[in-house]
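Beneath this line is the structure, given in structure tokens, with notes to follow.
The values are calculated or read from the model by the stated rules, or taken from the named source; none is laboratory data. From a predicted model like this one, the values you see are computed outputs, not experimental measurements. When we count neighbours, we look across all protein chains shown, and the Cβ atoms used for this are built from the backbone with ideal geometry, even at glycine. Just so you know, the surface numbers come from the protein's heavy atoms only, side chains and all, with ligands and any DNA or RNA stripped out. Shrake-Rupley method; radii C 1.70, N 1.55, O 1.52, S 1.80 Å.
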Amino acid sequence: MVTGEEHDFDPTQNATVKLMTHITEKGFQLGSCIGSVLVVPVTAYRGRGSNNPVLPKLLRGLSRSAVITTAVSGLLGLGMVYGTPLTPEGIQDRVYRLHYNEGQNRTDTFSRVGAVAGAAAAAAKFGVGGTALIGGAAFGTSLAVLAHVASYEGAEKGFKTGPSNMLNELKRED
């Protein structure tokens, strides 16, 4: 049975905006994970002998990592949308498939909740500064993505798990 939301979904409305939103959100998630895996340990190691608090440096590093990858993914997304032979129908098809991709939607929900929780925790500790909020959101996002990956049972339910076929679709000549 089709729910009202699924029945009302129209991939032709604002398809490019929806795709670019997806791409930049993935950029933030990637930057958050990269920052948590690479930036946090390096910053913690460098600050181990210092009398200065390390946590603000960690948040600054996470913030930079997330902002840089978000910006880069946005630019790459613009290049993909406007610099390749991707047709409006191809964009709409991608938006349609993203809308109905359970694993993708679950990842996004987890990361949004994690971002809000991380930003709230950083604000409670350091106040409402941009770097603290973005760094906290990035750390919350990385933990949420980890929680999603650790708890996702999509493969057992018969859902496709693995890399996207979008690059293959760009090469496809219909």
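Considering only protein heavy atoms and a 1.4 Å probe, what is the carbon-and-sulfur percentage of the accessible area of segment 73-142?
Using a 1.4 Å probe with all protein chains present, segment 73-142 comes out at 67 percent carbon and sulfur.
Would you please report the Å³ per residue occupied by the convex hull of the alpha carbon atoms in segment 76-126?
93
Roughly speaking, what is the stretch gain from Ala124 to Val54, that is 0.36 nm per residue apart minus the C-alpha to C-alpha distance, in nm to one decimal?
So the extension gain works out to 23.5 nm.
Which of the peptides 77-83, 32-38 is most tightly packed, and how do the rest follow, going by the mean number of other Cβ atoms within 10 Å of each residue?
32-38, 77-83
Show me 132-139, 14-21 ranked by packing, highest mean number of other Cβ atoms within 10 Å first.
Answer by packing, highest mean first, reads 132-139, 14-21.
Could you compute Rg(Cα) / (2.2 N^0.38 Å) for segment 1-158, with N its residue count?
Against the compact-globule rule of thumb, the ratio is 1.20.
Write down the accessible area per residue of segment 61-143 in Å², having rolled a 1.4 Å probe over the full set of protein chains.
Heavy-atom SASA per residue in segment 61-143 reads 51 Å².
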